[in-house]
Amino acid sequence: MARPPLLQLSNIALTFGGDPVFSGLDAIVQPNDRVALVGRNGSGKSTLMKVMAGLVEADSGSRVLAPGVSTGYMEQDPDMKGFSTLGDFALRDLDPSDAYRVEMVAEGLKFDPAAAVSSASGGERRRAALAKLLAEAPELMLLDEPTNHLDIEAIAWLESELASTKAGYVLISHDRAFLSALTRATLWIDRGTVRRQEAGFENFEAWRDKLWEEEDIAKHKLNRLIKAEARWAVEGISARRKRNMGRVRALQGLRAEKAAQITRQGTADFQLDSSQKSGKLVLEAKNISKRYGERLILNDFSLRVQRGERIALVGPNGAGKTTLLKMLIGELETDTGSVRLGSNLEMAVFDQTRSALDPDATLWESLTGDPATRISGKADQINVRGNPRNVVSYLKDFLFVDEQARAPVRSLSGGEKARLLLARIMAQPANLLILDEPTNDLDIETLDLLQELLGDFDGTVLLVSHDRDFLDRVATTTIAMEGDGKATIYAGGWSDYRSQRRDDAAKETKAKSTPKAEKSKQGDSGKSGGLSFTESHRLQELPAVIERLEAEIAKLEEFLSAPDLFTKEPAKFAKASEALVERHSALQSAEEEWMTLEEKAG
């Protein structure tokens, strides 16, 4: 017998004081659904998710949750007022005896539940919100940008958890690799309409482009029909005394149909101009080091950056990526070594904290108040790469409407703040771009445009990002911050770095395990084994998976060892026992998979 949908929205209409956000919207989430919720910034993705969570009530229509189904919602900016520690927030709706669940997630996401909320970073707050949701283990999870502010290691852990869960979930994310790996269906919000495709995100863009192409063909046919009918109306009236009123009314209907069509939102009109060329050598770092107290950030690191390179810095949060970036551009002093900047450098900086934006200033003031773009005596104009531009006209290039020009920065969404900061940067000539987490909150279409611009940019780019797809498309060199002061340089983007690192690890392992006589026979004949790329990647991941499962089993066994748990909390005892059996099974499967791949690798 088929199970009923977890959640069903029918004929939902919602208006926030102006044009409707949704009208006649229908959506269904089935058991075990893994759904990508996609759409342009401002299309209503977060609003729809809040309707799904029951946090926003629609003006009309119905929201039906299957009986007994529990839901969990992770918002972009969790409200932690009233909580002293991140663990207090994560445990808010859990029984204290279930604290072990939060501890297990905290270990996987690598954050400290005892950390104070008042001093927690955006990434730490997001990890606590994720820990809360995963520890509650609802049957339907609603996750709004769960990867924002997470490092790649935490994203990989979360990806693994969601891949193995039995719960249904809906994901909003700008991270292509994350969505492609996890989703099997797609909900697409486009101009207030929601369409569903029974295929994951990796098929979304081809599907979207096909629908848009069909829409453009239909518009073209409608325009031709209107033109033909309008010509008939003019010529027919002069040739006959009586009009065919039915045909005239049909023409009026065609014109009304065209007027009712909602134009697709265009892409931002980003432009990058490197103005004068920098010298061939952009910067050179020799044997630089940095330490904060007992903590070693960087040790004896050297780097030469040539004009036109795109250098990406990757590594866990707190590894020192931003610190290295600041040392390379001379913003932060090194403890040892030296950094030399090249000639004719014009630098523009995108700061991940958006600190360059005053939340109380208007968008207008954010542009005209910037010394790099200000035009003296021209309050309605700014200097855009040496040319005067009207402020409102320039803001429209970045998809802002007239009314937003005088709105405060604090009223903007995360994606809009990112676009405003890009507007400031792109107004000034620059041949060296410093981009610290530029992809956070940008929609996929804007990300595509930014990637294309960076690819065509004839200057140099230094960037920090946790977006694996973005790194693959942009970076020519990757610097991996590996902890304990170690930073290693790899050619290419994220996938290239991972492949080279696996090869290096395999060579090191083989060198340790192969007898000298056997080595001499083998010579330098190359890699061992016959693993595919996917199998090699899985073989490298499995030890961490096994370690995590063993840690979770230990915590569950400790929890179940309480002598009065069965009598006082039989439901919790049963649930924990079921989880223990499941993890033992998963551990056995992981160990068998590891042995099979090891044997195949030879």
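Read-outs throughout are calculated quantities, based only on the coordinates presented, and are distinct from any laboratory measurement. Bear in mind the structure is a predicted one, so any value in this text is a computation, not a measurement. As a convention, Cβ positions derive from the backbone with ideal geometry for all residues, glycine included, and neighbour counts pool all protein chains shown.
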Each label sits 7 Å from Cα toward the beta-carbon; between Glu557 and Asp79 the label points are separated, in nm, by 4.3 nm
Taking only C-alpha positions in region 1-109, Rg and Dmax in angstrom work out to 17.0, 48
Taking 20 Å as the cut-off for C-alpha to C-alpha distance, list the pairs among Lys166/Lys575; Lys81/Lys572; Lys166/Lys572 that go past it. Lys81/Lys572
Work out the FRET efficiency for Lys280 and Ser118 from their Cβ-Cβ distance, taking R0 = 45 Å, and round it to the nearest 0.05. 0.40
How do 324-332, 125-133, 37-45, 547-555 rank on mean C-beta neighbours within 10 Å, highest first? 125-133, 37-45, 324-332, 547-555
Taking neighbour Cβ counts within 10 Å as the exposure measure, how do His466, His149 sort from fewest upward? His149, His466
For region 356-428, max minus min Cα coordinate along each principal axis, in Å, sorted largest first? 29, 22, 20
With 0.36 nm assigned to each residue of separation and the Cα-Cα distance removed, Ser23 to Thr476 gains 158.5 nm
Under 18 Å from the Asn344 label point (7 Å along Cα→beta-carbon), backbone N, region 452-495: 457-461
Computed label-point distance, nm, for sites Met595 and Thr15 using a 7 Å Cα→Cβ extension: 6.7 nm
Grab the other residues whose beta carbon is less than 11 angstrom from that of Glu284, score K and R as +1, D and E as -1, and report the net. +3
Span per principal axis, largest first, for the Cα atoms of region 533-601 (Å): 50, 16, 14
Please list 21-32, 92-103 highest first by mean number of surrounding beta-carbon atoms within 10 Å per residue. 21-32, 92-103
Taking Cα atoms of region 7-206, Rg/Rh with Kirkwood Rh, to two decimals? 0.97
Under the 0.36 nm per residue contour assumption, what length would be gained going from the current alpha-carbon distance of Tyr100 and Glu57 to full extension? 12.0 nm
If you count, for each residue, the other Cβ atoms within 10 Å and average over each peptide, how do 138-147, 585-594 line up from highest to lowest? 138-147, 585-594
So, R0 is 56 Å and r is the distance between the beta-carbons of Glu331 and Glu213; what FRET efficiency does that work out to, to 0.05? 0.75
Rounded to one decimal in nm, the spacing of the 7 Å Cα→Cβ label points at Lys568 and Tyr292 is 4.2 nm
For Glu202 and Gln500, compute 0.36 nm times the residue count separating them, minus their Cα-Cα distance, and round to one decimal in nm. 104.8 nm
